[in-house]
1. Among the listed residues 59, 28, identify the single one that is surrounded by 14 or more Cβ atoms within 10 Å (Cβ to Cβ) and modelled with pLDDT under 90.
2. In this structure, does residue 152 turn out to be at pLDDT below 90, farther than 12 Å from residue 70 by Cβ and touching a helix residue (DSSP H, G or I) at 6+ places or on another chain (Cβ under 9 Å)?
3. Regarding segment 158-166, can at least one residue be identified that is over 33 Å from the mean Cα position of the chain (by Cα), farther than 26 Å from residue 62 by Cα and part of a strand (DSSP E or B)?
4. Given the structure, is residue 114 in a helix (DSSP H, G or I) and touching a helix residue (DSSP H, G or I) at 6+ places or on another chain (Cβ under 7 Å)?
5. Hey, could you check segment 86-103 for residues that are crowded, with 16+ Cβ neighbours inside 10 Å and either out of contact with any helix residue (DSSP H, G or I) (no Cβ under 6 Å at 6 or more places or on another chain) or without any contact (Cβ under 8 Å) to a residue 24 or more places away in the chain (or both) and say which is farthest from residue 127 (Cα to Cα)?
6. Identify the single condition in (1) out of contact with any helix residue (DSSP H, G or I) (no Cβ under 6 Å at 6 or more places or on another chain); (2) touching a residue at least 24 places away in the same chain (Cβ under 8 Å); (3) within 30 Å of residue 51 (Cβ to Cβ) that residue 163 does not satisfy, given that it satisfies every other one.
7. From the set of residues in segment 121-145 that are farther than 13 Å from residue 81 by Cβ and touching a helix residue (DSSP H, G or I) at 6+ places or on another chain (Cβ under 7 Å), which is surrounded by the fewest Cβ atoms within 10 Å (Cβ to Cβ)?
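The values are calculated or read from the model by the stated rules, or taken from the named source; none is laboratory data. Keep in mind it's a predicted model, so treat the numbers as computed, not measured. All Cβ positions, even for glycine, are placed from backbone atoms using ideal geometry, and neighbour counts span all protein chains on display.
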C-alpha cells in the first residue's frame with residue numbers, strides 16, 4: 001500500500017507539473033488582447049489630440065504674424081494713421097481713400113496675404129481711436145489690429161493693440 005500511495009502521489013504530482021507547462025489559457029489570452037486594445041485606443045486618442053493642438057498652434061502663429069505685419073505697416077505710415085480707421089478686409093468699401101496711396105497699398109497687400117494664408121473664413125480689421133491729453137494735444141492714437149478666422153472647433157481671433165504717436 002505504501003508503494004501504491006507513492007505511485008499515486010507521483011502520478012498526481014507529475015500531472016500537475018504537466019498542466020503548468022501547457023501555456024496560456026483562452027481567458028488569459030482574451031484579457032491580454034483586451035489590455036492591448038485599450039492601450040492602442042488610448043494612444044490613438046492622444047495622437048489625435050496632439051495633431052489638433054499642433055494645427056491650433058500653427059493657425060495662431062500664422063494669425064499673429066499677419067496681425068503684427070499690419071501693425072508694422074501702420075507704424076511705418078504713422079503720420080497717416082487715421083486713414084486705416086475702420087478697415088475691414090471683407091468689406092471693400094472700407095479701403096483707405098485713393099488720396100492715401102500708402103495706406104491703400106497696405107490694405108491691398110494685407111488683404112491678399114490674409115486670403116493666401118489658408119485660414120478659413122479669415123477677416124482682418126483695424127480700428128483707430130484718439131487717446132491722450134487734449135491740452136496740450138499729443139496726437140496719440142490707439143490702434144487695434146484684429147484677425148478673425150474659423151478654427152477647427154470654434155471661431156478664433158488675434159488682436160494687437162498699441163499706441164501710435166506722430167514723430
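1. Values: 28 fails: surrounded by 14 or more Cβ atoms within 10 Å (Cβ to Cβ).
Only one candidate passes the filter, namely 59.
2. Details: at pLDDT below 90: yes; farther than 12 Å from residue 70 by Cβ: yes; touching a helix residue (DSSP H, G or I) at 6+ places or on another chain (Cβ under 9 Å): yes.
Taking the combined requirement at face value, the residue satisfies it.
3. Within segment 158-166, the subset over 33 Å from the mean Cα position of the chain (by Cα) is 165-166.
So of that shortlist, the ones also farther than 26 Å from residue 62 by Cα come out as 165-166.
In the following step, the residues that additionally are part of a strand (DSSP E or B) were identified as none.
No, because not a single residue in segment 158-166 is over 33 Å from the mean Cα position of the chain (by Cα), farther than 26 Å from residue 62 by Cα and part of a strand (DSSP E or B).
4. On the way: in a helix (DSSP H, G or I): yes; touching a helix residue (DSSP H, G or I) at 6+ places or on another chain (Cβ under 7 Å): yes.
Spelling it out, residue 114 is indeed in a helix (DSSP H, G or I) and touching a helix residue (DSSP H, G or I) at 6+ places or on another chain (Cβ under 7 Å).
5. First, the residues of segment 86-103 that are crowded, with 16+ Cβ neighbours inside 10 Å: 87-89, 95-96, 100, 103.
Applying the additional criterion that residues be either out of contact with any helix residue (DSSP H, G or I) (no Cβ under 6 Å at 6 or more places or on another chain) or without any contact (Cβ under 8 Å) to a residue 24 or more places away in the chain (or both) yields 95-96, 100.
On the way: 95: 13, 96: 12, 100: 16 Å.
Step by step, filter segment 86-103, then rank; the result is 100.
6. The single condition residue 163 does not satisfy is (3).
7. Here the answer is 122.
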